Number of protein chains: 2
Amino acid sequence: MTQTAPRPTASSWQAIRDEVRRRIHSREWAPGSVIPTEVELAASFGCARMTVNRALQDLAAAGLLDRRRKGGTRVALHPVEQARLEIPVIRAEIEATGAAYGYRLLERRLAVPLPEFQARMQVPDRTPLLNVLALHLAGDRPYVVEDRWIDPDLPGLSEAPFDETSPNEWLLEHIPYTGGEISFGAHAASVIEARALQTSVGAAVFGIRRTTRDGEHALTTVDLTYAPGHRMRTTL
Amino acid sequence: MTQTAPRPTASSWQAIRDEVRRRIHSREWAPGSVIPTEVELAASFGCARMTVNRALQDLAAAGLLDRRRKGGTRVALHPVEQARLEIPVIRAEIEATGAAYGYRLLERRLAVPLPEFQARMQVPDRTPLLNVLALHLAGDRPYVVEDRWIDPDLPGLSEAPFDETSPNEWLLEHIPYTGGEISFGAHAASVIEARALQTSVGAAVFGIRRTTRDGEHALTTVDLTYAPGHRMRTTL
DNA sequence: CAGAATAATATGTCTAGACATAATCCGAGT
DNA sequence: ACTCGGATTATGTCTAGACATATTATTCTG
């Protein structure tokens, strides 16, 4: 089961990547120092240069290596730590805990957003947007409040009442996008949030703020406010 | 400057990756559907199969594609959203805002940790660990409190008084590690946190909880509690 | 000696072919 | 029908060589 025999020539690009990463973490190759060239590594691993190249490119993409033509490959100064957070659809997130998924639409209206949301959606003053307030439940316990503003001109939106399917799910399923911003923070629960989450006003809650866009055009922005105690986890 | 002439055969793996990504985002290839095989794509792009392979592997790593031997390649159902959070050294994080970095050691002692930290460090009952409480400042404003527990047997630890350099920085610089866990959440500021951050007890604060290990052995675990209003940002 | 032209070098990428491996498909036998 | 195996197939990976490209190092020149 265990890798009892660490053969010097385990030439697969993933094995080479792991070995190089090990040498970086073990300080065998110090931060900032130049590591052997691809040709040298290929010789020492007993494989083709392309195989080494594939491994080093992977580590460079992960931020562990800095590579420059002719300059060689060096270990990144500040081995930038990256945590890969997976942001699942809320339904999947809840079902993954084993609880039954529940959904309740709290409000759906066309309204002029507050300045904060207006800025996030990059729309002119007094432009009405579609606002949807909804609650996601794990079993019978409130899990997260979704406060979303949507560009009312999105195709198919009029056929989406959001009384059964959450905007979170509907948008992912129907609206293509190219990117966006996301941020995480803490705030004191508002009156609306506290009521929906069955907690007290001012309770410390975790929130995700997110804007999704297609090119330059903002499609939707959302505040997800989780019930107290919620944590986002990952490994690094 | 701009790519005015989008030639049908711009065969570089990055160009192919971009083109495939475009077809996915434009719903030309719908979520869940199987896309052409590597051989077919290679023919249509007029390049070698390896080139297509490299492009598709990149998209698969990004979570946009699901690939299975013999099963073919299909567009991911729920384009698993991944946010890559960069977790910088606190000093760099503060200096990036333009503020001067400040550091104050609040406490340094050998003590038996509370059950919660004991569990995180995976040590037996009544094992004393090194506890360091420190404050990081942006200019003259408190930025984040670092409450850390360290394996007292780490080499070189006795020469690290932590009165000038934070454990955060010292550990990254001196102790190799292989992985760990990290989680993000919100909680109400404790008395100690409130005093250090110059805020009120019970204020909603953002916290990072992190354990770093070398193989199976836990090296250190830390609670980082940020001043109210702090947000972690990234793009997707 | 400064600056420009030139050589050297490490990475970036493509290719064409080969074999490995995991899944699926499908037919044979019970 | 149902199960077991083999044939098929798409991806996974390696290779050896070639040329491209960016950058550094060196040499030539005014």
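The values are calculated or read from the model by the stated rules, or taken from the named source; none is laboratory data. As the structure is a computational prediction, the values presented were derived from the model and not from experiment. Positions of Cβ are generated from backbone atoms using ideal geometry, with glycine treated the same way; all protein chains shown enter the neighbour counts. Ligands, DNA and RNA are stripped out before the accessible areas are found, and what is left, the full protein with its side chains, is counted by its heavy atoms. Shrake-Rupley method; radii C 1.70, N 1.55, O 1.52, S 1.80 Å.
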Read phi for every residue in region A:121-131 and hand back ³J(HN,Hα) as whole Hz from Karplus 6.51 cos²θ - 1.76 cosθ + 1.60, θ = phi - 60°, with x for Gly and Pro. 8, 6, 10, x, 4, 6, 8, x, 10, 7, 10
Quick one: accessible area per residue over the protein assembly as shown, 1.4 Å probe, rounded to a whole number of Å²? 53 Å²
Given just the C-alpha atoms of region B:90-226, how large is their convex hull per residue in cubic angstrom? 110 Å³
Count, for each residue of A:85-94, the Cβ atoms from other chains sitting within 10 Å of its Cβ, then give me the mean as a whole number. 3
Please compute one quarter of the surface area of the Cα convex hull for chain A and express it in square nanometres. 18.1 nm²
What accessible area, in Å² to the nearest ten, does a 1.4 Å probe give for residue B:50? 130 Å²
Taking each pair of distinct Cα atoms in the protein assembly as shown once, what is the resulting Kirkwood hydrodynamic radius in Å? 25.3 Å
Karplus couplings for region B:206-212 from phi (6.51 cos²θ - 1.76 cosθ + 1.60, θ = phi - 60°), rounded to Hz, Gly and Pro as x? 8, x, 10, 10, 9, 10, 10
So which residue of A has the beta-carbon closest to the axis that swings A onto B, and how many whole Å away? A:186, 1
Inter-copy distances for residue A:44, nm, shortest first, label points 7 Å along Cα→Cβ, are 4.3
Sites residue A:200 and residue A:43 - FRET efficiency at Förster radius 56 Å, r taken between beta-carbons, to 0.05: 0.25
Summarise the accessible area of the protein assembly as shown (1.4 Å probe, protein heavy atoms) by the percent that is carbon and sulfur. 52 percent
Exposed-loop cut sites defined as trypsin sites (Lys or Arg not before Pro) in DSSP loop states with at most 14 other Cβ within 10 angstrom; longest site-free run of chain B spans B:127-236
Interface residues in region A:200-236 - accessible area drops by 30 Å² or more relative to the isolated chain, probe 1.4 Å: A:204, A:206, A:209, A:210, A:231, A:232, A:234, A:236
Inter-copy distances for residue B:231, nm, shortest first, label points 7 Å along Cα→Cβ, are 2.4
Rounded to the nearest 500, what is the 222 nm mean residue ellipticity of chain A from helices alone, with -39500 (n - 2.57) per DSSP H run of 4+ residues and division by all residues? -7500 deg cm²/dmol
Which value in nm describes the separation of the simple spin-label points at residue A:158 and residue B:190, placed 7 Å from the Cα toward the beta carbon? 5.7 nm
Taking a label point 7 Å from Cα toward Cβ, how far is residue A:97 from its twins in the other copies, in nm, shortest first? 3.1
In square angstrom to the nearest 100, the accessible surface buried at the A/B interface, both sides summed with a 1.4 Å probe, amounts to 4400 Å²
Most fluctuating residue given options A:207, A:46, A:98, as computed from a GNM of chain A linking Cα atoms under 10 Å: A:46
For residue A:24, tell me the accessible area in Å² from a 1.4 Å probe, rounded to the nearest 10. 10 Å²
Under 10 Å, Cβ to Cβ, from residue A:130 - net charge with Lys/Arg +1 and Asp/Glu -1: +1
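Would you mind calculating the relative contact order of chain B from Cα pairs under 8 angstrom and at least 6 residues apart, reporting the percent as a whole number?
Here the relative contact order equals 15 percent.
Please report, largest first and rounded to whole Å, the three semi-axes of the ellipsoid equivalent to region B:128-209, where each semi-axis is the square root of five times an eigenvalue of the C-alpha gyration tensor.
Working from the Cα gyration tensor, I get semi-axes of 25, 15, 12 Å.
How do A:178, B:199, B:211 stack up against each other in accessible area, from largest to smallest, with a 1.4 angstrom probe?
The ranking, largest first, comes out as A:178, B:199, B:211.
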Residue-level accessible surface for residue A:225, protein heavy atoms, 1.4 Å, Å²: 0 Å²
Quick one: Karplus J couplings for region B:178-195, per residue in order, coefficients 6.51, -1.76, 1.60, θ = phi - 60°, nearest Hz, x for Gly and Pro? 10, x, x, 10, 8, 9, 10, x, 10, 8, 7, 4, 7, 4, 4, 4, 4, 5
With a ≥ b ≥ c taken as the square roots of the eigenvalues of the C-alpha gyration tensor of region A:13-75, please select rounded if a/c is under 1.5 and otherwise prolate if a/b is larger than b/c or oblate if it is not? rounded
Accessible-area order (highest first, 1.4 angstrom probe) of the listed residues B:223, A:18: A:18, B:223
